[in-house]
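Chemist: Next up is a structure, given as structure tokens.
Values in this text are rule-based calculations from the coordinates and carry no lab data. As the structure is a computational prediction, the values presented were derived from the model and not from experiment. Here the Cβ positions follow ideal geometry from the backbone for every residue, glycine too, while neighbour counts run over all protein chains shown.
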Amino acid sequence: MSYIVVVELSSTVEEPGEEGGSVRHLRRDAEMNRERVLASARELFAQYGLQTTLDEIAHHAGVGVGTVYRRFSSKEALVEALFEQRVQAIVDLANESLLIANSWEGFVHFLENLISMEASDRGLRELVLSNDYGGERLQALKDQVEAPASEIVERAKRDGYLREDFAATDIVVITAMLGTADEYCSQLVPGMWRRYFTYVLDGLRPSRTSSSEIAYRSLSMEEMKCAMGSWRRRFQRAT
């Protein structure tokens, strides 16, 4: 006697989770949704910071919040997926700066490019300045910056370019200061943080015979009033 065996084939494609799992490709529409979520998160995090919720990201991306959770199991997973390459870029920047022969130029290269990266992305700045965001992978990457950053500072001090009381931890505070200055002025004069960066550099030298040339003009009184008036509104989400 012969038997007919009926096998039901699934019409769905197995989708891997965000962490590990199958290596099969996501369906095309699912991959498009993932990219829309990442693009939305990148834009909102850069403008409003990491307190942006997954609901807000989903709304901005034009997808349901369930779609976000299918692609990213948590906000932490989304933050890691979005910022891992950017934090790695900071690690690479620190190591690259150590290869510059002149220790002062290496110090300036690291500090200037680090501030530039953070000034344009509030989310990245919050991630660097705080341990409240991201998981173990991002924290491990952040830890990799410590050794080269410390050596960047110490060799500039050994060569007499940097004042003796400066510490690598001061870099964190300087980036916070100038990032905030950029937020305050950027709508009026983009890149305004570079004006104050020049002041900071002059203050970090142990001695100097003259002041450095300032690349950016100061704000007019009218511009300052405009900045003061828009400061709070700038980071309020549209309703």
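Chemist: Using the Karplus curve 6.51 cos²θ - 1.76 cosθ + 1.60 with θ = phi - 60°, what ³J(HN,Hα) values do you get for each residue of region 138-145, in whole Hz, with x for Gly and Pro?
Modeler: Whole-Hz 3J(HN,Hα) from phi for region 138-145: 5, 5, 5, 5, 4, 5, 6, 7.
Chemist: Express in nm, to one decimal, how much length is gained between L188 and A176 on full extension, taking 0.36 nm for each residue of separation and deducting their alpha carbon distance. Let's see the in-between values first.
Modeler: Values: separation 12, 0.36 × 12 = 4.32 nm, distance 1.98 nm.
Gain on extension, L188 to A176, equals 2.3 nm.
Chemist: Would any residue of region 179-208 have its amide N under 17 Å from a label point 7 Å out along Cα→Cβ of E164? List them or say none.
Modeler: It comes to 204-208, nothing else.
Chemist: If you rank M117, M221, M32, M177 by fewest surrounding Cβ atoms within 10 Å, what's the result? Display every interim value, and only then the final one.
Modeler: Details: M117 18, M221 8, M32 12, M177 15.
The most exposed by this proxy come first: M221, M32, M177, M117.
Chemist: With the dipole of region 170-225 worked out from charges on the C-beta (+1 for Lys and Arg, -1 for Asp and Glu) around the Cα centre, which of M224, Q187, S207 lies farthest toward the positive end?
Modeler: It is S207, whose Cα lies furthest towards the positive end.
Chemist: Give the aspartates and glutamates reachable from K225 as a straight Cα distance under 17 Å; neighbours fewer than 8 places away on the same chain don't count.
Modeler: Within the straight-line limit of under 17 Å, K225 reaches these aspartates and glutamates: D182, E183.
Chemist: Seen from all sides and averaged, what is the projected area of the convex hull of the Cα atoms in region 83-232, in nm²?
Modeler: Working: hull surface 39.0 nm².
Reported value for the Cα convex hull: 9.7 nm².
Chemist: Mind listing which GluC sites (Glu not before Pro) in region 137-210 are in a DSSP loop and have 16 or fewer other Cβ atoms within 10 Å?
Modeler: Sparse-neighbourhood loop GluC sites (Glu not before Pro): E164.
Chemist: Working out 0.36 nm times the residue gap between D55 and S120, then minus their Cα-Cα distance, what length gain in nm do you get to one decimal? Before the final figure, lay out the partial values.
Modeler: Working: separation 65, 0.36 × 65 = 23.40 nm, distance 2.35 nm.
Contour length minus the Cα-Cα distance gives 21.0 nm.
Chemist: Let me ask something else. Once R0 is set to 30 Å, what does the formula 1/(1 + (r/R0)^6) return for the Cβ-Cβ distance between R28 and Q88, expressed as a FRET efficiency to the nearest 0.05?
Modeler: Working: r = 28 Å, r/R0 = 0.94.
For R0 = 30 Å, the calculated efficiency reads 0.60.
Chemist: Please list the three semi-axes, largest first and in whole Å, of the ellipsoid equivalent to region 138-224, using sqrt of 5 times the eigenvalues of its alpha carbon gyration tensor. Spell out each step's value before the answer.
Modeler: Values: eigenvalues 149, 80, 13 Å².
Values for region 138-224, descending: 27, 20, 8 Å.
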